[in-house]
Amino acid sequence: MNFWASDADTTEQQQTAAGLLNSILPTFNTFCQTKLHKSPADMLAVLQDLWLPLAIKLASQRRELGRPLIQGILGGQGTGKTTMCQVLELILQHLGYRTLCLSLDDLYKTYSDRLALTQQDPRLIWRGPPGTHDLDLGLNLLEQIRQGKSPVSVPRFDKSAYNGAGDRTTPEIVKNIDIVLFEGWFVGVRPIDPDVFNHAPPPILTEEDRVFARDMNQRLSEYLPLWQLLDSLIVLYPTDYRCSMVWRQQAEQQMIASGKLGMSDTQIEEFVNYFWRSLHPELFITPLVKSPAAVDLVISINSDHSMSAKF
């Protein structure tokens, strides 16, 4: 994973970015207004400083590989994984590359399989932690894409099914994929020394919590064959992981204000703490971003959602 080693600030790349910016601005402006509900002017800096250089890098990687690129994107709740993937897809389309946005969520086991899983392990009360995904589904898909097979059947997941429990929905048939943006809240995360949980941070407090954390850590091993298919890994890294709780509360409050159903702050706290007990960001992601061998690019995210990265 050494795609990010070259200097991105060359005259040629600056010219490419300038020309690309002019060509995509009309589409990007529409995207900001219809999808993000934000002023394009507010998003212009992150487009110029982050998304454009990143898209150019991904296109360069694809050319160097000579086969479809599998780009992993790791980020917790509220870090902007989905938005970044959508913008990169938009830019790469202008560069002539067919991009597939794939979420770890798309690999969830079916509703019936997760019901059976909950009977086996009642601690898995929500979809999301290690063990709730169909790994063979992901392995088969990424292998087919790496080998250049076309078309491929891409699994999709409907979170609204069964009153929010979610279920697999009709697959998407996609042809001629150049780049896969594979995002998720623990994409690329690897098991750690189980002794670490002897002195774990909150909300891992009780012996029951520690047993759950160790079990989830062990199940991460099952995901390693999937991570091995990644060509590189980008991490969206909050300067304070606890921002995820605040961001989720803000999002839910906005939903409620717009007349939609949403969780209370207490429900959100319970929900987020559940995921922190399963794979705590401080234990799993913080050490990962300090490992050049494991991560190719770290994008820092501040509490106000501003971002910065060094290419």
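May I ask you to rank Y241, Y108 by accessible area, largest first, using a 1.4 Å probe over the protein chains only?
Working: Y241 45, Y108 10 Å².
Per-residue accessible area, sorted high to low, gives Y241, Y108.
Using DSSP, restrict attention to beta bridges with both residues in the chain and report what percent are antiparallel, rounded to the nearest 5.
Within the chain, antiparallel bridges account for around 30 percent of the total.
How much of the accessible area of the stretch 171-307, probe 1.4 Å, is carbon plus sulfur, in whole percent? The partial results should precede the final answer.
Values: 3420 of 6620 Å².
The computed percentage sits at 52.
How much solvent-accessible surface does T286 expose, in Å² to the nearest 10, with a 1.4 Å probe and all protein chains in place?
Answer for T286: close to 30 Å² accessible.
Measure up K57/K290; K149/K290; K35/K310; K159/K310; K175/K260; K35/K159 against 30 Å on the Cα-Cα distance and list the ones that go over. Walk me through the numbers on the way to the answer.
On the way: K57/K290 21 Å; K149/K290 35 Å; K35/K310 27 Å; K159/K310 35 Å; K175/K260 36 Å; K35/K159 19 Å.
Listed pairs above 30 Å: K149/K290; K159/K310; K175/K260.
Could you identify which residue out of D106, D215, D195 has the top mean-square fluctuation in a GNM of the chain using Cα springs shorter than 10 Å?
Per the Cα network of the chain with a 10 Å cutoff, D195 tops the list.
If packing is taken as the average count of other Cβ atoms within 10 Å, what order do 264-276, 30-42 fall into, highest mean first?
Numbers: 264-276: 15.8, 30-42: 12.5.
Put in order of decreasing packing, that is 264-276, 30-42.
Counting heavy atoms of the protein chains only and a 1.4 Å probe, report the per residue accessible area for the stretch 197-281 as a whole number of Å². Present the calculation step by step, with values, prior to reporting the outcome.
Numbers: 4240 Å² over 85 residues.
Dividing the accessible area of the stretch 197-281 by its residue count gives 50 Å².
Go through R190, R242 and list them by solvent-accessible area, largest first, probe radius 1.4 Å.
Numbers: R190 105, R242 140 Å².
Result of the area sort, largest leading: R242, R190.
Please sort 204-211, 243-250, 220-227 by packing, taking for each peptide the average over its residues of neighbouring beta carbons within 10 angstrom, highest first.
Highest mean packing first, the order is 243-250, 220-227, 204-211.
Could the peptides 293-303, 51-61 be put in order, highest first, of the mean number of other beta-carbon atoms found within 10 Å of their residues?
Numbers: 293-303: 17.1, 51-61: 20.8.
Packing order, densest peptide first, comes out as 51-61, 293-303.
Which entry is the computed percent of Cα pairs over 24 Å apart for this structure: (1) 59; (2) 56; (3) 65?
(2)
Going from most exposed to least, what order do M307, M216 have by accessible area with a 1.4 Å probe? Could the numbers behind the result be given before it?
Numbers: M307 65, M216 0 Å².
If we order M307, M216 from most to least accessible, we get M307, M216.
Could you report the accessible area of E143 in Å², rounded to 10, computed with a 1.4 Å probe on the protein chains as they sit in the structure?
80
Return a whole-number percent for the relative contact order of the chain, with Cα pairs under 8 Å and 6 or more residues apart as the contact set. Intermediate values should be presented prior to the final figure.
On the way: 438 pairs, mean separation 72.5, N = 311.
Rounded, it is 23 percent for the chain.
For the stretch 27-119, just the Cα set please: Rg and Dmax, both in angstrom.
16.3, 50
The values are calculated or read from the model by the stated rules, or taken from the named source; none is laboratory data. Quantities reported herein were computed from a predicted structural model and do not represent experimental measurements. Every residue, glycine among them, receives a Cβ derived from its backbone with ideal geometry; neighbour counts consider all protein chains shown. When the accessible area is computed, the model is the full protein with side chains, heavy atoms only, and any ligands, DNA or RNA have been set aside. Shrake-Rupley method; radii C 1.70, N 1.55, O 1.52, S 1.80 Å.
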